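The values are calculated or read from the model by the stated rules, or taken from the named source; none is laboratory data. Because the structure is predicted, anything quoted here is derived from the model rather than measured. When we count neighbours, we look across all protein chains shown, and the Cβ atoms used for this are built from the backbone with ideal geometry, even at glycine. Areas reflect the complete protein model, heavy atoms only, side chains present, ligands, DNA and RNA absent. Shrake-Rupley method; radii C 1.70, N 1.55, O 1.52, S 1.80 Å.
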Amino acid sequence: QTPGVTNTAVGYQGGYTPNPTYEEVCSGRTGHAEAVRVCFDPQQVSYEELLQVFWKSHDPTRRVWSRQYMSAIFYADEEQRRLAEASRDREAERRGRPIQTEITRLETFYRAEDYHQKYVLQGRREVMAEFKAIYPNTRDFVDSTAAARANGYLSGYGTPAQLAEEIEDLGLSPAAQDELRRAVARNTRGGCTGTECPTE
């Protein structure tokens with residue numbers, strides 16, 4: 001878990017078809033990539049720190065067969081572009097291989113369909129029922145910091161110590177809190193973090 005990340009949403013970015021559907025993106029005719037929009041508080045986490053998380057979360061040297069799954073950074077301004085390109089160059093030197101990541105200006109971000117949002121969290125019915133009660137409006141749920149944090153923990157990101165620091169702020173019942181604690185404990189015992197963890 002990265003402190004300072006206030007909310008996340010998954011969607012489509014970088015193509016030329018407005019308001020694409022998942023099926024259209026999968027067809028390859030829209031030019032879009034699947035993307036994650038990350039909103040953050042720069043007082044708590046820097047853009048450079050988020051770039052470090054990005055490079056650690058996948059293999060940016062691997063060529064992909066589809067633009068849908070490409071490695072990409074979409075920057076919001078020239079300062080972000082400069083930092084992204086500098087971090088790419090450092091990563092290429094560290095790995096000793098060319099980086100395949102595309103760095104391009106952020107244009108319109110299209111949110112993916114509701115069933116894609118907070119996907120792992122949606123699979124935990126008991127916890128999800130509580131979030132639905134707190135956020136009956138789907139847009140509010142997707143934009144919720146608490147939902148983003150819970151989804152991250154359930155997906156294998158974060159340690160028991162990190163969870164302990166913020167679990168009371170998530171607005172969940174003791175039973176849902178226990179489920180989050182168990183998930184983090186399982187992932188920690190299994191030695192997995194982030195994309196290495198099973199998305200159960």
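Data table
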{"item": "Hydrodynamic radius of the chain per Kirkwood, over alpha carbon pairs, in Å", "result": "18.1 Å"}
{"item": "Total formal charge among the other residues, if their Cβ is under 12 angstrom from that of THR21, Lys/Arg +1 and Asp/Glu -1", "result": "-1"}
{"item": "Within segment 25-117, trypsin sites (Lys or Arg not before Pro) in DSSP loop having at most 15 other beta-carbon neighbours inside 10 Å", "result": "ARG29, ARG62, ARG63"}
{"item": "Spatial separation of Cα centroids for segment 15-60 and segment 74-124, in angstrom", "result": "5 Å"}
{"item": "Helix 145-154 vs. the chain, principal-axis angle (Cα, 0 to 90°, nearest 10)", "result": "90 degrees"}
{"item": "Fraction of accessible area attributable to carbon and sulfur, the chain (%, probe 1.4 Å)", "result": "49 percent"}
{"item": "ARG97 paired with GLU48, simple spin-label distance in nm, labels 7 Å along Cα-to-beta-carbon", "result": "2.7 nm"}
{"item": "Probe 1.4 Å, all protein chains present, accessible-area order of TYR12, TYR75, TYR135, TYR119, largest first", "result": "TYR119, TYR135, TYR75, TYR12"}
{"item": "Residue-level accessible surface for VAL10, protein heavy atoms, 1.4 Å, Å²", "result": "50 Å²"}
{"item": "List LEU180, LEU83, ordered by accessible area with a 1.4 Å probe, largest first", "result": "LEU83, LEU180"}
